[in-house]
């Protein structure tokens, strides 16, 4: 596949890492489909971000926070026992060497802090005095509450009522950090509904409020700026793999909900044509089960939701379907627009992993590596257990361990029928 494509509207060839175009499009995806009330604020955010990108002081402040507050760089860890376990099932000449990018070791327990630190600095530059956010699994909500506590700003988090029940540890953490958590009872009470309510709040409070979107979706410039803040993941992997192995990885794997952790790992490698890249969606109960999964790129079609055009789960009339996943962070019925574009260009391969496969991988990782993963990266790990045994032994595979499983242990115990 060629390493260039044409951005919508300008006819100019770009490298795969160059998007979006000036209107926020990745091919036919992206854009900004928002209420007229929000358009001036969106344009102000774009200007503020462009100014911040050109400001060495902004980059220095963010780098200092990443290092001394969040704890970056996160380690690149050779999963030796998992590697050997999968090689035993693969045959003498098979079985990739597996590394985890351990972003679950960041402050707050996931990759979400990377984006929140960048956006809270933007909010300050724009003079905003109130912060809102949506959250599904609660990790983004915790990260937003954390940065708001650090910078002394009031914070409200919208969270689906269903997710409030299944992610209670993170709800408690948000309250302890001083955030107000607003349970959303509309729809299925999950991430889609929480984002709907956050957008309604934003329209009502445009003058003083900054909306920290948690994933690489939403109206332009959010998919770009979230990607850029999360790209620290892939940039570190490039350096760390060169130090560990003397060359770049051969294979990258990450889970996909909205897609921020994945695009953060993938983006710095998109122009390295020899590297195979896989995004793992929530296969739920199976792609053949109606409303039984959240694999929008495996079972959806293009449409508009939450300010951007992307692949969505929808019926024949264009009505958005409810996504399902055992993971509260992966049940969003869409995906970030850059992922949709990468799917259609063929640069990234997107595959599903079921609830059952994720649970099996969750337990395997805990017992072999002493690492309890969140249910989100457990989906990526489920695909690694299939893929790695098919690859040669000299294949270097990196999987993003984007969240730790503290928040999920009681839910998993329930699914497994543990008598605690």
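Since every read-out is calculated from the coordinates, none of them should be taken as a lab result. The model shown is predicted, which means the values in this text are computed figures rather than measured ones. Every residue, glycine among them, receives a Cβ derived from its backbone with ideal geometry; neighbour counts consider all protein chains shown.
Quick notes on this structure:
- Anisotropy class of the stretch 31-82 from Cα gyration tensor, a/c 1.5 cut: oblate
- Read-out Cα extents along the principal axes in Å, derived from the coordinates shown; its label in (1) 84, 55, 50; (2) 63, 56, 50; (3) 60, 53, 43: (2)
- Cα-Cα separations in the stretch 338-396 greater than 16 Å, expressed as whole percent: 54 percent
- Sorted by Cβ density within 10 Å, fewest first, the residues 84, 376, 338: 84, 338, 376
- Over the stretch 1-160, the ratio between the Cα radius of gyration and 2.2 N^0.38 Å evaluates to 1.34.
- Protection-proxy order for peptides 238-251, 131-144, 163-176, each taking the mean of Cβ atoms within 10 Å per residue, highest first: 131-144, 163-176, 238-251
- Ranked 25, 293, 379, 220, criterion: other C-beta atoms within 10 Å, fewest first: 25, 220, 293, 379
- Each peptide in 326-332, 26-32, 90-96, 256-262 was scored by the mean count of other Cβ atoms within 10 Å over its residues; highest first, the order is 256-262, 326-332, 26-32, 90-96.
- Exposure proxy ranking, count of Cβ atoms within 10 Å, fewest first, for 390, 215: 390, 215
- Taking every DSSP helix (H) stretch of at least 4 residues in the chain, weighting each as -39,500 (n - 2.57) and dividing the sum by the residue count yields a mean residue ellipticity at 222 nm of -12000 deg cm²/dmol.
- Mean-position separation - Cα centroids, the stretch 347-371 and the stretch 127-196, in angstrom: 26 Å
- Highest average first, the peptides 73-82, 228-237 ordered by how many other beta carbon atoms sit within 10 Å of their residues are 228-237, 73-82.
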